[in-house]
1. Give the residue from A:L252, A:C9, A:L369 lying farthest towards the positive end of the charge dipole for the protein assembly as shown; charges sit on Cβ (+1 for Lys and Arg, -1 for Asp and Glu) and the dipole is referred to the Cα centre.
2. Using a 10 angstrom cutoff on alpha carbons, build the Gaussian network for chain B and name the most mobile of B:P99, B:P86, B:P76.
3. Taking only Cα atoms and a 10 Å spring cutoff, compute GNM fluctuations for chain A and point out the largest among A:G324, A:G214, A:G251.
4. Compute the long axis of helix A:33-42 from its Cα atoms, compare it with the longest principal axis of the Cα atoms of chain A, and write down the angle in degrees, 0 to 90, nearest 10.
5. Cα-Cα pairs above 39 Å in chain A: how many percent?
6. Using the charge dipole of segment A:1-156 (Lys, Arg: +1 at Cβ; Asp, Glu: -1 at Cβ; taken about the Cα centre), state which of A:S130, A:C51, A:Q98 has its Cα farthest towards the positive end.
7. When the Cα centres of segment A:66-114 and segment A:321-352 are compared, how far apart do they sit, in Å?
8. Among the listed pairs A:K195/B:K27; A:K34/B:K108; A:K34/A:K374, give every one whose C-alpha distance is greater than 24 Å.
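Every number in this text was worked out from the coordinates using simple rules, so none of it is lab data. Predicted model, so just to flag it, every value in this text is computed and none were measured. Positions of Cβ are generated from backbone atoms using ideal geometry, with glycine treated the same way; all protein chains shown enter the neighbour counts.
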Amino acid sequence: MADLVCTGCGSLCDDIQVQVEENRIVVIDNACAKGAALLYALGNPKRRATCLVNREEVSSEKAIEEAKRLLSESKRPLIFGLDNSTLETQAKAISLAQKLGAVIDDASSFSYGELILSLLKGSLPGCSLSQVKDRAGLLMYWGSNPLHSHPRHLAEFSYYSYTEYDIAGWVPKATLSCIEVRDTELSYICNPVFKLSPGKDREFIQDVLSLIKGGNGTEEAKTFCELFKASRFSLIFCGRGLVYSLNGDFGLFNELVGKLSQWTRSCVIPMVDDFNMLGFNKLLRQKTGYINQVSFAGGVSHGPEFSFLEQLRKGLLDCVLIVGSAPFSTLPLSLRRNLSNTRVICLSSLITPTTKAADVVIATAAPGLEHGGKVVKMDGEEVNLVKVEESAYPSEEDILERLLGENR
Amino acid sequence: MSAFESKYLEMVIITYHDDFLKVAEIKEGVGSLYERLAAVVWLSPDDLKLLGVGEGKPVELSNAIGSIVLQAKSNPKVKPGTGHMPFSLYSVRLTSYDPAKGKLPNFKRIEVIAVPTGRDITPVSELEGGKLA
């Protein structure tokens, strides 16, 4: 059996074992349904992307040539995605953006960006998942249902990972709580559950802050404060529910965590879905000072006007290079229309709605299975992906190196 | 206005991450299983009654952005006036993005009008990729 780090979600579970026979996985141990589905799909030729130019199957060479041509002719290119790529690939993409004078952005610019920036700057306290196990007294999932988004998160890193866990007779060592707008599989096992009306997270935070500052608070705010007071070390796992309820503005949330830290060590971990979003944000910040929304046209510029969404909305782009991402599955309709009117080059290992819409598709090897590399987990820890199988496809890094070479 | 459209409800759709849908998408791509799992909205039994829609029957959700027909399912845990549906190609068909109103697209809390309909469930092939009209 070979060890493998699963790239199915942001948890990056490192205890997956696979048996490979004739360069094909025949047994998978420990993976969740999502991780197993990914390995299954990567082994299924019907699910693998093929190289295409204008929807006609071509050789890898021809697809790369066409991508080079489109990029060299482009006056307003943008590179998007990279949250499911290795740090090595991300570094190449940043170099390519520099050479092209392109805009570069990732999905954090319309999701976890501000939260991740606060963690990277140190204005929000973070910690590693290995510190959580056996130490944290309170595990609070806020706007996240890990049983669907990160199926092994509770078992590997939080509630069920504590050493005293025993199927025969287990007494919880930590309090498991959640803040949710609906009943979920998680909320059934949490106590207490803070059930908010949709979009009312900001009001709830204001209630808690008002109570902490000596004002009147709701019963729920009082219960929330008591939980944190009773725990010496508390974790808040922030999900998309919180991100979108706060509309990406984490000022008030940061203030709340600061106040809670007066009573207890309170740390925050973002429940990022893509396995290397933090890596991209960290790397781009090292190179430019910014985590996303960067333009290399005439030096380094940053701002919301350089977000993928704004560039699309304003119809500013004439060529988009998408690496390891599927925006045609997730973007609002108006933006998808604008994207479909732009030249799209897509690097992908699987067929997605984006590969079906792209002008050029370059099929790639899958990171973490067919090539190795470094990635950064949701808690900021660096993880090494290992190669388990040989691949007929080039890696994203190799393709970007070739595009970079020709566009220098 | 047809007999179907005489009843309608204004409601807020809450989207969520569905692992079963994600697994189907990874394993089989955007196809019939994806459609079966994604083209669903969970409504309160009271709202289903008000709309005159039976369990598993089609309901049309629409707003200024777009319109889709989904299978309506009953769930007593859902509050009247709200609907729950997995985040998918269907939900993004109703998602707005207006930076004057908010920094982020409105992925999670979507205002719609729900109307009973005799139309078929929107095929997923109408929603994915390609050059859009």
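1. A:L252
2. B:P99
3. A:G214
4. Taking Cα atoms only, the helix is inclined about 10 degrees.
5. Result: 21 percent of Cα pairs exceed 39 Å.
6. Final value for the positive-end residue is A:Q98.
7. 13 Å
8. Violating the 24 Å limit, Cα to Cα: A:K195/B:K27.
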